[in-house]
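All remarks here apply to the structure that follows.
The values are calculated or read from the model by the stated rules, or taken from the named source; none is laboratory data. Owing to the predicted nature of the structure, the values given are computational and were not obtained by experimental measurement. In this analysis, Cβ positions are derived from the backbone assuming ideal geometry, glycine residues included, and neighbour counts consider all displayed protein chains.
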Amino acid sequence: MTVMSKSEFRHNAGFAARHKKLLITLAVILFIIIALVASYFIIIKLGERRLRNRLSFDDTKLPPVGTESVPEEADAYYNGVAYNYNEDLINVLVIGVDRAAPNDSVTHQADSFYLFSLDPVAKKANIVAVSRNTMAEIDVYDSNNRFLTTSKAQLCLAYSYGTTAKQSSDLTVKAVSKLFYNLPISGYYAIYMDAVPEVMSAVGKVPVRLEEDLTAISPEMKNGAEVWITSKNVLRFLRYRKASNEVRSNRQQKFLMSFAQQAKSAMRNDLSLPVKLYKRIAKNTVTDIDVTGAAFLASEALGADFQFRSVQGTVGAEGNLETFTIDENQFYQLLLDVFYKEIK
């Protein structure tokens, strides 16, 4: 039988103690990681539940086309095919407001509209651009905030009848939902101009190939050139307009397509970025979506295939105002493609 010396005993005891401390430390670290991951998924699920709880599918039937009638079990019927509304979708309206910040001015209009339609089951996301000049039914209020009537006017004016940023956003959501045949919309995110450079700073520069001459903004912005949009030039790039609003709208859409890819890359490097950014730009945004909802949307968008679409139509005029009249045939097909599913 071998007898340990005192020094060997102390050495082994010290090694065992250090080993035990290491195991405890690793166990604590593992517990923290598991807790953080569990908390993240709890937040995500909570955000999804809150967004879905706002949805109602009671009025999602599309009007019949021509002499066709919609079967009782269907929500739409077109060219001999029956459809139902896709209840997996979560739709959010993103509103660009042509003011520096909330409460910056008593007169304001919405400058751009994008319907973000997320399908977490199919891992798809559609972004539908809607012209600010689209002729739509909007609620009209008097100077004392009393409802007067519903009138057909430019969609951007719906925002101007609110006396608060929240009311303006609510009126805009109502007008867009009605325009899209009572489309269920979970919430809105109104972004003011001062928030845009901050978003760009967080995401990074975005490449865009120009399809128009923008040398009035910068000498290198020639037609056909590929340029970098940064936090310093993004507002001039997005807001500049020398002719029809539709030219600017097309430019904004091209920018968003490139921005989405850059944002995905930034989020992969820092999964906490959406929550950080949500808080960082809160003073220059107005939304009814809380941080859990924002986290859910961002996490799902990260793994989704994006498709950008736009509502087509005809540019016209009423007096000095530019108007945009929707092409009803294209619009109906877009609704079916994005928001409805064929009944098999």
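Per-structure values
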read-out: The listed residue being of a type in the set (A, V, I, L, M, F, W, C), surrounded by 16 or more Cβ atoms within 10 Å (Cβ to Cβ) and within 22 Å of residue 254 (Cβ to Cβ), out of 229, 217; value: 229
read-out: Flag if residue 242 is of a type in the set (D, E, K, R), under 18 Å from the mean Cα position of the chain (by Cα) and modelled with pLDDT under 90; value: no
read-out: Output for the range 106-159, where each listed residue is touching a Phe, Trp or Tyr at 6+ places or on another chain (Cβ under 6 Å), more than 26 Å from residue 52 (Cβ to Cβ) and crowded, with 19+ Cβ neighbours inside 10 Å; value: 131, 133, 134
read-out: Answer from 46, 22 - the residue that is part of a helix (DSSP H, G or I), more than 30 Å from residue 162 (Cβ to Cβ) and at pLDDT below 90; value: 22
read-out: In the range 110-140, the residues that are in a loop (DSSP other than H, G, I, E, B) and either among the basic types (Lys, Arg) or touching a strand residue (DSSP E or B) at 6+ places or on another chain (Cβ under 8 Å) (or both); value: 120, 123, 131, 132, 133
read-out: Subset of the range 284-304 that is of a type in the set (Gly, Ala, Ser) and not in a helix (DSSP H, G or I) - its residue that is nearest to the chain's Cα centre (by Cα); value: 304
read-out: All positions within the range 305-344 that are assigned to a strand (DSSP E or B), farther than 17 Å from residue 129 by Cβ and of a type outside the set (Ser, Thr, Tyr); value: 305, 316, 317, 318, 321, 341, 342
read-out: Any hit, the range 258-278, residues being part of a strand (DSSP E or B) and under 20 Å from residue 118 (Cβ atoms); value: no
read-out: Pick from the range 129-159, criterion under 18 Å from residue 314 (Cα atoms) and in contact (Cβ under 8 Å) with a residue 60 or more places away in the chain, ranking: nearest to the chain's Cα centre (by Cα); value: 129
read-out: Unique residue being more than 26 Å from residue 305 (Cβ to Cβ) and among the polar types (S, T, N, Q) when the list is 91, 145, 84; value: 145
read-out: Which listed residue, of 224, 162, is more than 19 Å from the chain's Cα centre (by Cα) and buried (at least 17 other Cβ atoms within 10 Å of the Cβ); value: 162
read-out: Residue ID - nearest to residue 244 (Cα to Cα), chosen from residues in the range 82-93 that are surrounded by fewer than 19 Cβ atoms within 10 Å (Cβ to Cβ) and touching a strand residue (DSSP E or B) at 6+ places or on another chain (Cβ under 7 Å); value: 86
read-out: Check on residue 267, touching a helix residue (DSSP H, G or I) at 6+ places or on another chain (Cβ under 9 Å), within 30 Å of residue 147 (Cβ to Cβ), at pLDDT below 95 and buried (at least 16 other Cβ atoms within 10 Å of the Cβ); value: no
read-out: Residue check for residue 286: surrounded by 14 or more Cβ atoms within 10 Å (Cβ to Cβ), touching a helix residue (DSSP H, G or I) at 6+ places or on another chain (Cβ under 6 Å) and β-branched (Val, Ile, Thr); value: yes
read-out: Residue 102 being touching a residue at least 60 places away in the same chain (Cβ under 8 Å), closer than 25 Å to residue 240 by Cβ and part of a loop (DSSP other than H, G, I, E, B); value: yes
read-out: Condition broken by residue 296, with the remaining ones in (1) touching an Asp or Glu at 6+ places or on another chain (Cβ under 7 Å); (2) over 24 Å from residue 261 (Cα atoms) satisfied; value: (2)
read-out: Conditions (1) touching a residue at least 60 places away in the same chain (Cβ under 8 Å); (2) within 29 Å of residue 172 (Cα to Cα): number failed by residue 248; value: (1)
